[in-house]
1. Ser270 passes all but one of (1) crowded, with 19+ Cβ neighbours inside 10 Å; (2) of a type in the set (S, T, N, Q); (3) farther than 30 Å from Gln281 by Cβ; (4) in contact with an Asp or Glu (Cβ under 9 Å, 6 or more places away or on another chain); which number fails?
2. Tally time: how many residues in segment 189-221 are farther than 28 Å from Leu53 by Cα and either aromatic (Phe, Trp, Tyr) or in contact with a Gly (Cβ under 9 Å, 6 or more places away or on another chain) (or both)?
3. Within segment 238-255, which residues are surrounded by fewer than 18 Cβ atoms within 10 Å (Cβ to Cβ) and either on the phi > 0 side of the Ramachandran plot or not in a helix (DSSP H, G or I) (or both)?
4. With the structure loaded, tell me whether Leu101 is in a helix (DSSP H, G or I) and buried (at least 22 other Cβ atoms within 10 Å of the Cβ) or whether it fails that test.
5. Give all pairs with beta carbons closer than 7 Å in which a residue from segment 200-224 that is more than 21 Å from Asn20 (Cα to Cα) meets a residue that is of a type in the set (Ser, Thr, Tyr); count only pairs at least 6 apart in sequence or on separate chains.
6. Quick one: how many residues across segment 272-297 are over 14 Å from Gly136 (Cβ atoms), assigned to a helix (DSSP H, G or I) and either among the acidic types (Asp, Glu) or under 21 Å from the mean Cα position of the chain (by Cα) (or both)?
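Taken together, the values in this text are just the output of simple stated rules run on the coordinates, not laboratory data. Source: prediction; values computed, not measured. Neighbour counts are summed over all protein chains in view; Cβ atoms, including those assigned to glycine, are modelled from backbone coordinates with ideal geometry.
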Amino acid sequence: MTNYLGEIAGIATSLFYALNSVFITRAGQQVGATVSNRTRVVFALLYLIILNLILFGQPLPVSADPQRWLWLSLSGVIGLALGDLFLFKSYLSIGPRLGNLLLSLYPIVGALEAWIFLDESLRLGQIVGILVTLAGIVWVVFERNGSGEKMPRHVWIGILYGVISAVFQATGFVFSKQGMYGTFSPFQGNAIRMSAALLALLVIALFQKQVGQTVSTLRANPAAFRMLMLAGFIGPVLGVSASLYAVQNAEVGVASTLTSLAPIFMLPISAIFFKERLGWQAIAGTLLAMVGVAILFLL
């Protein structure tokens, strides 16, 4: 058993992210995607500050050099403040199952951006993985068209939100990679990213005069407040910690694949929590997309 703890942690990461999307969707149905994103970031930063105080004796890595702060802050604003906002909007429009599946585009966009901007090579296996993943996602997205049913407008909007989120998430990852040089702790890096995301969201809320509205909305929906408190712990703390352990204790390709399996977990979760009726095409397309992700990371 001890020889497979890294692999178990990778699978646990995907489960944490899948469960996190359930809480976010439930809360978002009550208070909206914007309030959900702001609140989740607040709790996530509080948890990370406590974690960094325990591990490093300081809430934020104030001694880190400015260049690191710049790249990781950009990563937080783009990946967390913007990327997660569109992801949550996608959840509310098309559900967390399809939203998580569209997020599988993120490693594809990341590989393409690294190829364009970081001069990283794009191997044949990666190209095959990209094509297989795209085929699986397209198969699931257009599942309803098999009966000739016209795609509702809100579904197209949700798909667009999901694609935009994947682009922002991948861009944030590229910036994060620029800031995580050397032996800098991922927990400290994540705290920088989260603090920058919170600052950006706070500035936007102040500009739109929505701070008071956010507080009053949460007061009127205590159940959503509790779910967001839990989501802030499950995703940024448990999910990120498990993913770090997976990368440290399993081969990188295996760990990356196992931490990307949230769409698989979302199949039974969607059937149980959201009463979705899943056809064979939805299941087969999701599995095909995950095969493509595995090829992308392992070949």
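1. Status for Ser270: all satisfied but (3).
2. Going through segment 189-221 one residue at a time, the tally reaches 2.
3. Glu251
4. For Leu101, the condition - in a helix (DSSP H, G or I) and buried (at least 22 other Cβ atoms within 10 Å of the Cβ) - is met.
5. Ala205/Thr214
6. As a first pass, look at segment 272-297 and keep what is over 14 Å from Gly136 (Cβ atoms): 272-279, 297.
From what is left, the residues that are assigned to a helix (DSSP H, G or I) are 272-273, 297.
In the following step, the residues that additionally are either among the acidic types (Asp, Glu) or under 21 Å from the mean Cα position of the chain (by Cα) (or both) were identified as 273, 297.
So the answer is 2.
To keep it simple, each residue is scored yes or no on (1) at positive phi; (2) in contact with a helix residue (DSSP H, G or I) (Cβ under 6 Å, 6 or more places away or on another chain).
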| residue | (1), (2) |
| --- | --- |
| Ile78 | no, yes |
| Gly95 | yes, no |
| Leu103 | no, yes |
| Tyr106 | no, yes |
| Asp119 | yes, no |
| Glu143 | no, yes |
| Met151 | no, no |
| Ser176 | no, yes |
